[in-house]
Structure formats: structure tokens, C-alpha cells
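Take a look at the structure set out below.
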Amino acid sequence: GIQVEQSPPDLILQEGANSTLRCNFSDSVNNLQWFHQNPWGQLINLFYIPSGTKQNGRLSATTVATERYSLLYISSSQTTDSGVYFCAVRISGSRLTFGEGTQLTVNP
Amino acid sequence: DTGVSQNPRHKITKRGQNVTFRCDPISEHNRLYWYRQTLGQGPEFLTYFQNEAQLEKSRLLSDRFSAERPKGSFSTLEIQRTEQGDSAMYLCASSTRQGRFSGNTIYFGEGSWLTVV
């Protein structure tokens, strides 16, 4: 099956710093989504981005489908950004395959 | 806000007992998914419904697991003869095809935590 690798596995930032999270995948995909899982377990959809670039406030994402990677940018980080960020992809059918996530901690 | 609703949110059960989780998807969504997540891991796909039809099942869904979606609305996930290895968070999600710009964006519920003792 498809492999999804996220890096870094852990990231600690001071409030106000910027960061880049990476997702590499091993096959062509027709669906790629970034999620944020908060400390209570809720998965929040951040972006649907199988290709191209999107921005939403302090967050933006870029997927280069031909090179099989996606990047999530967080600017001016806040403590509420803490949590786990997951990349999930689909090659066919219905199932999303998730990476193991990046655990982000933003300190005040 | 009528997001994906799951209950119970937490369940502690003794090994060997049966448990059932319920999921109410977003009302206009015809696609429904179940995932399982253990600590430190990303969610893993279990099964998928389109309307009332169960179209895909993971090999993770052993014969002790059964999922239904009568009338294409809410769904239930039952685990029979629970084992300690079943302890996990069970996530439900729903989606609808919204066109090529937003695609098959999937929305998750808050999950149901299962602890088997």
C-alpha cells in the first residue's frame, strides 16, 4: 500500500515562530488533506489540497504532486496551534491513508 | 453546528463483552467512514458506506466487528467479545462529493474512546 511519511515527528516552537511540516507519499494521489488533532482528539480538516497552493489565515499548504510531497506552513504560531498535524492521502477507492503525524508544541 | 456526532464518547468494558458505537453524520452527507486510532498513531481505515451500502472493508475489520448503516443515515459499529487490543479511539467521518474544487473533503467526529479491561 501507499506509504506516507511526515517530518519532523516532533516540533517545539516559541509563540510567534514560523514552521514548515512535510509530508512525503510513495504513489500518485487523487486526494490529500491536512488535519489538526487537538488535545481532546478532535480531527479538524485544514486543507483539501491534492495539488497547488492554498492559504487560510496564518496557515498555508502546497502540494507538488509530481514530486510526491506536500508542505504545511504555520506562520506566527500561537499556543492554540499545539497538537498533532496529520497528512492523509488517497490513491483510489474511499480510504484515506494517514501518516504518523507531527506533534507540535507551541510555548508561550 | 450539525457536525458528525458520536456516542458514547467514552466506554470502559470488560474483556469478552460486546460494545456498540453510534455515529450520526452531517445530514446531507451520503458517505460514511469508520477509522480506528491508537495512541501515537494516525487513524487507520476500517470501513466505508455510500448511503446504506457497505462498499469497502479493511482487513483490520475482523469477524468480531460489524458495521451497519440502515436507511443510509446513522451508523453503528459493534465489537463482539472485546479484547484488550481493541482499546483505541473509534472515529467516524462523513463526506459528500462537492465538485472538483473541494473534492471529497472528509469531516471527522470527536471519536469514541474504548478501554477494554
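Tabulated results
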{"read-out": "Positions within segment B:13-46 being part of a loop (DSSP other than H, G, I, E, B) and of a type in the set (Val, Ile, Thr), in sequence order", "value": "B:ILE26, B:THR38"}
{"read-out": "Count - residues of segment B:47-91 that are hydroxyl-bearing (Ser, Thr, Tyr) and assigned to a strand (DSSP E or B)", "value": "6"}
{"read-out": "Residues of segment A:50-89 classified as on the phi > 0 side of the Ramachandran plot and without any contact (Cβ under 8 Å) to a residue 12 or more places away in the chain, total", "value": "2"}
{"read-out": "Positions within segment B:31-65 being surrounded by fewer than 16 Cβ atoms within 10 Å (Cβ to Cβ), more than 9 Å from every other protein chain (Cβ to nearest Cβ) and of a type outside the set (Lys, Arg), in sequence order", "value": "B:THR38, B:LEU39, B:ASN51, B:GLU52, B:ALA53, B:LEU60, B:SER62, B:ASP63"}
{"read-out": "Members of segment A:42-55 found to be under 12 Å from A:ILE74 (Cβ atoms) and touching a Leu at 6+ places or on another chain (Cβ under 7 Å), listed by number", "value": "A:LEU46"}
{"read-out": "Matching residues in segment A:90-104 - criterion: being surrounded by fewer than 20 Cβ atoms within 10 Å (Cβ to Cβ), more than 7 Å from chain B (Cβ to nearest Cβ) and at pLDDT 90 or above", "value": "A:GLN103"}
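The values are calculated or read from the model by the stated rules, or taken from the named source; none is laboratory data. Values in this document were obtained by computation on a predicted structure and should not be read as measured data. Every residue, glycine as well, gets a Cβ built from its backbone with ideal geometry; the counts of neighbours run over all protein chains shown.
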